[in-house]
Structure formats: structure tokens, C-alpha cells
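Have a look at the structure below before the remarks.
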Amino acid sequence: MTELSGLQIFKYLPGSKKAEHTNCKACGCATCMAFALKLAKKQIDVTNCPYASAELKEKIALHLKDPQKTIEICGVKIGGENVLYRHEKTFVNRTAVGIVIDTAKSGWEEQLQRVENFEITRIDEKLKVDFVVLKNADNEIMHKAGKYNNIITLEEIKQLPLIKANAPTFRETILRLIFARHSAVKERDEKFANPVYVYFEHQEDLRALCARASFYICKYANMLLFEDFDETLMATLMTLRQNIFTDPQKPLQVEAKIYEFNNPDENSIIFMTTNFALTFYAVANELESLNVPSYLVVTPAEGMSVLTAWSAEKFTSKMVANTLKKFDLQNKVKTRKIIIPGLLAHMKQELEEEIKKAGLDFEITVGTIEAYKIADFVKDMNL
Ligand code: SF4
């Protein structure tokens, strides 16, 4: 059973045979074809057409079912994916990352502590290993491990409805992963409806391991288990995973607020940008590495970059004035100059007018277009 298109659905409706009730509009759509297209996109219920056959209803029930099942391991959801490509909609649940620790080996508890301690923060999110899988763990060991979070045994993992994709070579494993996802999503093949995982046994070459695991995160492992634990490997994979599993329709964004760098006081310089994560981090990194205290006012712009925000009217003079009022910047600092991104130079005058209209006392200075030129720009300000 493959995914149903509008045209395939249409074949089961009166309109395709020019039968009685063709385009009768009882479903609320102008034509049977319009109804079929909406049904394919899951925007309408099949019961809206009183003349839909039992066969069509059965096919639609299958069409609506999630192609891949979702299961939970230590509170982490895996599977539930329903597209092949992120841009079609979005991926749903991140590839879970588990570390396998063999408790028959000495030092297992130290290893467990290391995994527990691992944490990186990226785009306001704390990223950690999802769970630890204990190998050869008896009751006594499980009792000892009880003080740690998210522990499961290898035996328990083996009991779960999962498909292991390991094959003798990298290429064969990839083909298995792709075949499984394609069969689940496109063919709606029940045999491939369970989440898929790859188990990495101990490997000498961590770089090769990182390259393979990265590929499997992109296509299409729902879970990766590693016998090796290395902080740099994990940081790389977590970073990639965070990027792959963001919703492409929702840009990465940071909180709109005033950020502080190098202990600023009331006389420190003030920069401004939007809450698009990439812009924010580019500017924040520069400000952090300057030997100058500064503020960065980040305006709410639905995660759009400065020029996109301006063209989509998410960075308007009024919004800037409102943001400054909301953050009460005027009473927090004596500095009266705000440095805006060079790309918004054309807004200088209207920004100043709107700020004045709002009863605020700030001048606008046009900064650099590129973040990497901020250091020279600040040097030229002779602070
Ligand atoms: Fe066609 Fe059924 Fe809608 Fe009538 S109710 S227009 S038959 S889809």
C-alpha cells in the first residue's frame, strides 16, 4: 500500500465515473477532485463525503496511520517519522544517542559518570546523551546504577520493537536504512514500521566512527548505540543532530532580550540585532572576544535575519522603539548610541524619529555589515 495521492483518491469518488452525485458539494468542496486533493493532504475527513465507498474509507484509514511507530526509551521518543526529506514537512523525533557500557569491565562506573557529566549548550539548548545502556548488568549493578538518570539494560533494548540495520559494510548499512524508511513511508509496509537503529561496537578510529554516525543521523537511523564514548564525538553528533531535526519552517532563534558581554556598566556600548540564531551567535562571538564591555539588544523577529526581518516587516521602527521601551533600556544605561547592523543603514533616520516619538533618547549609529568587522569598528570608535 503506497501513500495515496489526490488523483488516486479521486478514482474512488463519483466524479471519476461521472456517476450520480458527481460534484454535488455535500462534502463542502466545489468538486470531487477538490475533495480528493484535500483528503490526500489530510485536511478533510473522508466521512464528509456521504458517497465514499467502504474501499476508499479503508484506504484512507491506512493513509492516515503514522507510517513509522513511535516508541519511548527512558522517556525519549524515537520513530514516528513520516517523510523522507526534512523539507517535505519536518522530521519528528531526533535520532536518540545511547552509550553502551559493559559492566563486566572495570571502571564502568567512572565511565557512567563521564557520560552523565557530558553536556553542551547550543542555541539555548542543553544537549546530553539520551540514555546509557548497561551490558552484563545484574541486580546488584542495577542497584548501584540507580542513582544515575536514564539507564536501561541491553537486554531490555533487545526486547523493544526495533529494527537493527547493522550490515557488514557502511554502504550496506546505509542501503538498509534507506530501504527501511522508504518502505515505511512510501510503501506503508508494516514490516518496516518499527524504528531503526545502528549499534556501533568498539572502533579504533573515532573519526571514521564520527563520519559514519553523522551519515546515519541524516539518513535514517532513529537511534544510535555506541560502545565508545568520547566527548568530542558526542559534541559533533549532537550539533549535527540539532541542525537536522529542527523544523525547516521555524528558523532557529534565540530569546529576544538584552545580552551582556564582558561585565558592561551604564556607559558601555550597545549593539542591536534580530533574534535569528546564526546572526546572534556571529555577533555575540565577536562581542565576547572584544576586550570591551557591551550590550546586545536582540529584537523579536520570529528568528529572521536582519534584512529578511526588515522586508517582512518584522523589524520596523515602531517595533524597535517598543522593544527599547519594553526592556527599559533608557533607565538602565547612560549610553545614548545604539549600533544597528550595517544592512539596515537605510533605517537610521526613521528609527531615530520613531524612537524620539516614543519619548526615548537614543541616537542610531550604523555598524558593520559583517560581524567579523565589529572589532575594527569598535577600535575606530576610540572608546
Ligand atoms: Fe464528490 Fe462526495 Fe464531495 Fe459530492 S460529497 S462533491 S460526491 S466528494
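The values are calculated or read from the model by the stated rules, or taken from the named source; none is laboratory data. These numbers were taken from a predicted model, which means no experiment stands behind them. Note that we place each Cβ from the backbone using ideal geometry, even for glycine, and neighbour counts take in every protein chain shown. Ligands, DNA and RNA are stripped out before the accessible areas are found, and what is left, the full protein with its side chains, is counted by its heavy atoms. Shrake-Rupley method; radii C 1.70, N 1.55, O 1.52, S 1.80 Å.
For region 299-374, what Kirkwood radius comes out of the mean inverse Cα-Cα distance, in Å?
Roughly 12.8 Å, rounded to one decimal.
Measuring from centroid to centroid over Cα atoms, what is the spacing of region 214-235 and region 123-175 in Å?
Here the answer is 12 Å between Cα centres.
5 Å is the cut-off here: which amide hydrogens, built 1.01 Å from N in the peptide plane, fall below it relative to residue 226, excluding neighbours closer than 5 in sequence?
The answer is 98, 99, 100, 200.
Whole angstrom only: what separates the Cα centroid of region 284-359 from the Cα centroid of region 1-49?
51 Å
Using the alpha carbon gyration tensor of the chain, what are the three equivalent-ellipsoid semi-axes (square root of 5 times each eigenvalue), largest first, in whole Å?
The answer is 46, 37, 16 Å, longest axis first.
Keeping every protein chain in place, order 200, 276 by accessible area at 1.4 Å, biggest value first, i.e. largest first.
The most accessible residue leads, giving 276, 200.
Which percent of the accessible heavy-atom area of the chain goes to carbon and sulfur, probe 1.4 angstrom?
Its accessible area is 50 percent carbon and sulfur atoms.
How about region 1-103: which chymotrypsin sites (Phe, Trp or Tyr not before Pro) there lie in a loop by DSSP and see at most 14 other Cβ atoms within 10 Å?
Loop-located and lightly packed - 85.
Looking only at region 53-96, which residues have a backbone nitrogen under 15 Å from a spot 7 Å from the Cα of residue 41 in the C-beta direction?
88-89
Top to bottom by accessible area (1.4 Å), largest first, where do 364, 141 land?
141, 364
Quick one: if the Förster radius is 35 Å, what FRET efficiency do residue 242 and residue 110 give, using the C-beta to C-beta distance and rounding to 0.05?
0.80
Of all the C-alpha pairs in region 70-244, what % are more than 22 Å from each other?
Value for region 70-244: 44 percent of Cα pairs lie more than 22 Å apart.
Keeping every protein chain present and rolling a 1.4 Å probe, give me the accessible area per residue for region 121-206 in Å².
Ligands and nucleic acids excluded, the result is 58 Å² per residue.
Run the numbers on the chain and let me know its relative contact order in percent, using alpha-carbon pairs under 8 Å that are six or more apart.
After rounding, I find 12 percent.
May I ask you to give the solvent-accessible area per residue for region 6-64, in square angstrom, as obtained with a 1.4 angstrom probe?
Per-residue accessible area for region 6-64 comes out at 60 Å².
If you place +1 on the Cβ of every Lys and Arg and -1 on the Cβ of every Asp and Glu, how big does the dipole about the Cα centre of the chain come out, in debye to the nearest 20?
Computed charge dipole of the chain: roughly 1700 debye.
Might you work out the accessible area of residue 11 for me, using a 1.4 Å probe with all protein chains in place, and round it to the nearest 10 Å²?
For residue 11, the solvent-accessible surface is approximately 130 Å².
For the chain, what does -39500 (n - 2.57) per DSSP helix run (n ≥ 4), summed and divided by total residues, give at 222 nm, in deg cm²/dmol to the nearest 500?
-11000 deg cm²/dmol
Please work out the average accessible area per residue across region 230-371, using the 1.4 Å probe convention, and give it in Å².
Here the residues of region 230-371 average 49 Å² of exposed surface.
When you count, for each residue, the other Cβ atoms within 10 Å and take the mean per peptide, how do 314-325, 117-128 rank with the highest first?
314-325, 117-128
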